[in-house]
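Q: I'd like to ask some things about the structure below.
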Amino acid sequence: MDSKTNIETLMQVKQFQMNAIQTIGFRGDGPQDEQKLFAALKARKVEIPHRINEHEYLIISPDGLYAAAAVSTIGIVPEGMVQITIPADGYQVFRFEEKYIGDFWDFFCNKPAQDKYNLNVDKIRFEIFKEDLQPQGVTEIYFPING
């Protein structure tokens, strides 16, 4: 039996076109900052005007990592926070059990896997944290496709 998990057999994949999402939150340099960013967002989310829901976004951008909340309009950006837009684009959405997150990134850090799913790794990708996903042990990662 192969000890390596085949993530392709464990995930659901769907593709769709998404409108832009305006967000406000905190920026870090990379994965090592994720916990710190979400702690700051949880502590100060009430300061963000025009939030549209309680969901939290983990945004992976070429210029860093963000933990943010979606807003209906960009008003005043609270001190220490930044605004970032998730662009309107076509996305592949990968849904799988959260315990396989390492296998997911191991698989998609390889060019053949990126090509197979037509992924554009130079654009913003993101994950939404909401009550019907992570608390249930499920992750959905939104990856832009080449268009």
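Bear in mind that the values in this text are calculations on the coordinates, not laboratory data. Since the model is a prediction, treat every value here as computed from it, not as a measurement. Here the Cβ is made from the backbone with ideal geometry for all residues, glycine too, and neighbour counts use every protein chain on show.
Q: Below 27 Å Cα-Cα, how many Lys pairs turn up in the chain? Only count pairs eight or more apart in sequence, or on different chains, if you could.
A: Pairs that pass both the separation and distance tests number 23.
Q: Between Glu34 and Val121, with labels modelled 7 Å along Cα→Cβ, what's the label distance in nm to one decimal, could you check?
A: So the label points at Glu34 and Val121 sit 1.7 nm apart.
Q: How large is the Rg to Rh ratio of the stretch 7-144 when both quantities use alpha carbon positions and Rh follows Kirkwood?
A: In the stretch 7-144, Rg relative to Rh is 0.96.
Q: Mind giving me the nanometre distance, one decimal, between the label points for Ile76 and Glu54, set 7 Å out from Cα along Cα→Cβ?
A: Reported label-point gap for Ile76 and Glu54 is 2.6 nm.
Q: Hey, another quick one. Return Phe38, Phe104 ranked ascending by Cβ neighbour count within 10 Å, so the fewest neighbours appear first.
A: Neighbour counts put them in this order, fewest first: Phe38, Phe104.
Q: Could you grab the relative contact order for the chain? Cα pairs under 8 Å, six or more apart, rounded to a whole percent.
A: Taking the mean separation of contacting Cα pairs over the length of the chain, I get 30 percent.
Q: With a 10 Å Cβ neighbour count serving as the proxy for reagent exposure, in which order, fewest first, do Glu98, Glu131 appear?
A: Working: Glu98 13, Glu131 9.
Final ranking by Cβ density, sparse to dense: Glu131, Glu98.
Q: Compute the helix-to-body angle for 34-44: its Cα long axis versus the longest principal axis of the chain, expressed 0 to 90° and rounded to tens.
A: Computed tilt is about 30 degrees.
Q: Fully extended, how many nm does the chain gain between Leu133 and Lys14 (0.36 nm per residue separation, minus their Cα-Cα distance)?
A: Details: separation 119, 0.36 × 119 = 42.84 nm, distance 1.60 nm.
Gain in length upon complete extension: 41.2 nm.
Q: A further question follows. By count of other Cβ within 10 Å, fewest leading, how are Val13, Val77, Val71 ordered?
A: Ranked by crowding around the Cβ, least crowded first: Val13, Val77, Val71.
Q: For the stretch 7-33 and the stretch 58-78, write down the distance between their C-alpha centroids in whole Å.
A: When both Cα centres are located, 12 Å separates them.
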